[in-house]
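Presented below is the structure to which this report refers.
The values are calculated or read from the model by the stated rules, or taken from the named source; none is laboratory data. For clarity, every value in this text was computed on a predicted model and none was experimentally measured. Every residue, glycine as well, gets a Cβ built from its backbone with ideal geometry; the counts of neighbours run over all protein chains shown. Only protein heavy atoms, including side chains, enter the accessible area calculation; ligands, DNA and RNA are left aside. Shrake-Rupley method; radii C 1.70, N 1.55, O 1.52, S 1.80 Å.
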Amino acid sequence: MVPAWYRLFAENQKGYGYVDDKTPELGIAVINKVRGKGIGNLLMEKLFETASRDGYTSLSLSVDPKNTQAVQLYKKLGFEQCDSSGTSWTMICNIPSS
């Protein structure tokens, strides 16, 4: 199982976290029993490193604003809400330089 990934989507097949054709959208999952132990932060740092190495300057995601723990992590990492779709927020972050 891969708990974190990113990929490019096209406008005609976009996900909820779609921003544009050049910004990968990420997906991440941390099971309840290990939340709050830094695993999400570590996964996000690795995604930033890999995306930067792959030549990307930003990443986007979709999150339910009721998932306050995830929203708090994303904001701490520099993500900002840029849109909403249904019950989800679209957030974007410039990848921090190494």
- Message: Being farther than 11 Å from residue 95 by Cα and either part of a loop (DSSP other than H, G, I, E, B) or open to solvent by less than 50 Å² (accessible area, probe 1.4 Å) (or both) is the filter here; which residues of the stretch 38-62 pass it?
- Response: 38, 40, 41, 43, 54, 61, 62
- What is the residue count in the stretch 73-84 for residues that are outside any loop (DSSP other than H, G, I, E, B) and under 13 Å from the mean Cα position of the chain (by Cα)? 7
- Among (1) polar (S, T, N, Q); (2) within 11 Å of the chain's Cα centre (by Cα); (3) open to solvent by 60 Å² or more (accessible area, probe 1.4 Å), which single condition is residue 87 missing? (2)
- Query: Could we say that residue 90 is free of Cβ contacts under 8 Å to residues at least 24 places away in the same chain and of a type in the set (Val, Ile, Thr) here?
  - Reply: no
- Message: I'm checking my understanding of the structure. Among residues of the stretch 7-19 that are outside any helix (DSSP H, G or I) and within 22 Å of residue 87 (Cβ to Cβ), which one is nearest to the chain's Cα centre (by Cα)?
- Response: 17
- State all residues of the stretch 72-98 that are modelled with pLDDT under 95 and among the β-branched types (Val, Ile, Thr); if no residue qualifies, say none. 87, 95
- Task: Check whether at least one residue in the stretch 9-16 is open to solvent by less than 90 Å² (accessible area, probe 1.4 Å) and touching a Leu at 6+ places or on another chain (Cβ under 7 Å), and report yes or no.
- Result: no
- For residues in the stretch 17-37 being more than 17 Å from residue 79 (Cα to Cα) and free of Cβ contacts under 8 Å to residues at least 12 places away in the same chain, which is most open to solvent (accessible area, probe 1.4 Å)? 33
- Query: All but one of (1) within 16 Å of residue 23 (Cα to Cα); (2) assigned to a loop (DSSP other than H, G, I, E, B); (3) of a type outside the set (Lys, Arg) hold for residue 65; which doesn't?
  - Reply: (1)
